[in-house]
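Okay, structure first, notes after.
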Amino acid sequence: MTTSSLIAILLVAAGSAVMSFAVARGSKVGGFVPAELKRRWRAIIGLMLFFLAGYFGIIAVIMKWIACSIEVITGVVFLGGAVYVLIVMDLVRDTVVKMQSSGEALREREKLLRTVIDTEPECVKLVARNGTLITMNPAGLAMLQADSLDMVKGKVLYNAVDPEYRGAFIQLTRDVFNGGAGNLEFMITGVKGRKLWLETHAVPLRNDKDEIIALLGITRDITRRKLAEDALRGRTEELTQANKQLSKTVQDLTMAEEQLKKYSGELERSNRDLEQFAAVASHDLKSPVLAIAADLKLFEKRSRGRLDDESLALVKDALDSAMRLDELVSDLLAYARVGTDMRQYVKSINMAKLLDTVMAGLKEECMSAQCRITAGELPTITANPMMMAQLFQNLISNSIKFHGGDPPQIEISAEISGAEWIFSVRDNGIGIASEHHEMIFELFRQVPGGEARKGTGIGLAICKKIIERHGGRIWVESDPGKGAVFKFTLPA
């Protein structure tokens, strides 16, 4: 065996080993080439064989040129080809592994993105240029009341939009496919007839060539917000109307207040004039009344013994009438002096001490009637002292005048009730029928009966006026023959 043959055999053997190893690695590569890369893998193998054929040709020419034997040339070509195949297989294997890793990562990202879109609570959709739906997530299908994507996929979405907003929705689609973006609020009617208010944000979706392939829209349900806005708008309109009405009412009240001030001023002037007139009239009336009474007394004194009993009785009645008229004029004067504004005379009063002063002034009248007056603990209040003295004097005098057959017994007490004091003047007199309880506080009104001649019908009217000027009220609790309890309130 020649040396050339031996070299050729060794080269072919080495080449076979390398080729076997390369084929084994290549088969492994083919085993994990993804289905989507099979066509690309076959193209790579074909290109590799093309370069391998060229390689064989080049090596043959070189070996022929250096005058090697055919056996050596064949061995060298075979070994070199095997090494080339091994190198290419390693490169292809690394490339395919990287491609496979990238594909798996891409699939994971796609899966994650799909999960995010499917679980997104807002509608995510792709719309074609002609307005047909390409795809939509479950949230969007729920808004459309679609049970599955097949119910609406490929359908024109414009039909679901209410006619009032359909033109704006179509224009938004055109703007997006012209490269713009925008927002729109609109109302839709679902597959099953439900109406919803929606707000969508639309942008163009582009491919790797920067071509717009779809409208990408993110849509959310704003029905609650729109209903709240409508309710707020209605409430605002109501408040606006109410405010207008209130403004008019305030204006009317302002005018009424100004008018009231005017009338109040006129009334105050009228009251002052009336009080002044009453005081002057009462004062002027007293003089002739007193003169008549004096003349009657003098006539009675001079005529005693010359007139018969009937004539003397007539003179006595005339004298009593004159004295009664004097008392009436005095009471009218007292009533007129109870002014409408007593604030400048108001001060703190110890009612117990005030009652002692009043009782001292009625000492002679009490002794004559054998009257017994007792008083409980009385408070200190803020009031007009002269008016309070007049009040107690009138009530006590009334109880003495109308005491009945037994000596008068009068009890005076007070108790707190909320923000006011309730005073009571209780007696054991003849009592008052219930139908006369309100009438007796009116001017010149008296209880029918003979006993009424003891009064002028003004005393209790004065009491009522005094109490009302102090912001209180007065009333009587009584039954005929069971005495009476006069009660009045004053601020605490």
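The table below lists the values:
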item: Among residues of the range 394-421, those that are touching a residue at least 40 places away in the same chain (Cβ under 8 Å), among the hydrophobic types (A, V, I, L, M, F, W, C) and touching a Pro at 6+ places or on another chain (Cβ under 8 Å), counted; result: 4
item: Answer residue from the range 127-155, given it is hydroxyl-bearing (Ser, Thr, Tyr) and part of a strand (DSSP E or B) and is nearest to LEU216 (Cα to Cα) among those; result: THR135
item: Selected residue [of a type in the set (Lys, Arg), touching a Phe, Trp or Tyr at 6+ places or on another chain (Cβ under 7 Å) and at pLDDT 90 or above] from ARG225, ARG206, ARG166, ARG220; result: ARG166
item: Residues of the range 395-417 satisfying the condition of being buried (at least 20 other Cβ atoms within 10 Å of the Cβ) and farther than 20 Å from PRO379 by Cα; result: ASN398, SER399, ILE400, PHE402, HIS403, PRO408
item: Contacts under 8 angstrom Cβ, first residue in the range 467-492 being more than 20 Å from MET386 (Cα to Cα), partner among the basic types (Lys, Arg) and not in a loop (DSSP other than H, G, I, E, B), 6 or more apart; result: TRP475/LYS487; VAL476/LYS487; GLU477/LYS487; GLY483/ARG426; ALA484/ARG426; VAL485/ARG426
item: Qualifying positions in the range 360-376 - of a type in the set (Gly, Ala, Ser) and part of a helix (DSSP H, G or I); result: ALA360, GLY361, SER368, ALA369
item: Hey, LYS363 out of contact with any helix residue (DSSP H, G or I) (no Cβ under 8 Å at 6 or more places or on another chain), over 24 Å from ILE458 (Cβ atoms) and without any contact (Cβ under 8 Å) to a residue 12 or more places away in the chain or not; result: no
item: Hey, ASP284 acidic (Asp, Glu), out of contact with any His (no Cβ under 6 Å at 6 or more places or on another chain) and modelled with pLDDT of 75 or more or not; result: no
item: Selected residue [more than 27 Å from MET151 (Cβ to Cβ) and among the polar types (S, T, N, Q)] from THR236, THR223, THR189; result: THR236
item: Residue that is nearest to HIS436 (Cα to Cα), among those in the range 473-488 that are buried (at least 19 other Cβ atoms within 10 Å of the Cβ) and not aliphatic (A, V, I, L, M); result: SER478
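The values are calculated or read from the model by the stated rules, or taken from the named source; none is laboratory data. Here the structure is a predicted model, which is why all the values come from computation and not from measurement. Positions of Cβ are backbone-derived with ideal geometry, glycine not excepted, and every protein chain shown enters the neighbour counts.
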